[in-house]
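Trainee: Okay, here's the structure, questions in a sec.
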Amino acid sequence: MTTKLDRFKKEMEPAKEIYTKEIKDFARKFEALGEMTLRERPDIDTMDYIYSFEKVNGASPEELDSIHSELYNHMKKFSKENNIYEFYMNAIIHL
């Protein structure tokens, strides 16, 4: 039997691929960010997608806040433009 969570994951797979590629590409411009990992955390009917970046080069908290804000704003705009906003609403960017 297919659950709501299974259906949600299947529906989000194409958006997940698009979003993941874009955030990886966009994050390369920040020297303070290292490798990215993606974790999936199931909820009752949905899935949270947690994008975590390693911090490198001793970035200050202010610099990390600025980077986080820029990543967040870019991915929000990108998601709206590419019709994957529902996925964006379940994505978490963690620095």
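Trainee: On the protein heavy atoms, probe 1.4 angstrom, tell me the percent of accessible surface of the chain carried by carbon and sulfur.
Mentor: Solvent-exposed carbon and sulfur of the chain make up 49 percent of the total.
Trainee: Same structure again: Quick one: putting +1 on the C-beta of Lys and Arg, -1 on the C-beta of Asp and Glu, what dipole do you get for region 18-92 around its Cα centre, in Debye to the nearest 20?
Mentor: Dipole of region 18-92, to the nearest 20 debye: 200 debye.
Trainee: Skip the ligands, DNA and RNA, and give the accessible area per residue of the chain with a 1.4 Å probe, whole Å².
Mentor: For the chain, the per-residue accessible area is 65 Å².
Trainee: For K24, give me every one of the aspartates and glutamates with a C-alpha distance below 20 angstrom, ignoring sequence neighbours fewer than eight places off in its own chain.
Mentor: Partners within reach: E13, E35, E40, D48, E54, E63, D65, E70, E81, E86.
Trainee: Hey, another quick one. Going down the list K4/K77; K21/K80; K9/K76, which pairs span over 18 Å between their C-alpha atoms?
Mentor: Cα-Cα > 18 Å for K4/K77; K9/K76; rest within.
Trainee: Direction-averaged shadow area of the convex hull around the Cα atoms of region 1-51, nm²?
Mentor: Answer in nm², one decimal: 3.8.
Trainee: Counting pairwise Cα distances across the chain, what percent come out greater than 15 angstrom?
Mentor: Counting every Cα pair in the chain, those more than 15 Å apart make up 60 percent.
The values are calculated or read from the model by the stated rules, or taken from the named source; none is laboratory data. The model shown is predicted, which means the values in this text are computed figures rather than measured ones. Ideal geometry is used to build each Cβ from the backbone, glycine not excepted, and the neighbour counts take in all protein chains shown. Ligands, DNA and RNA are excluded from the accessible area calculation, which covers all protein heavy atoms including side chains. Shrake-Rupley method; radii C 1.70, N 1.55, O 1.52, S 1.80 Å.
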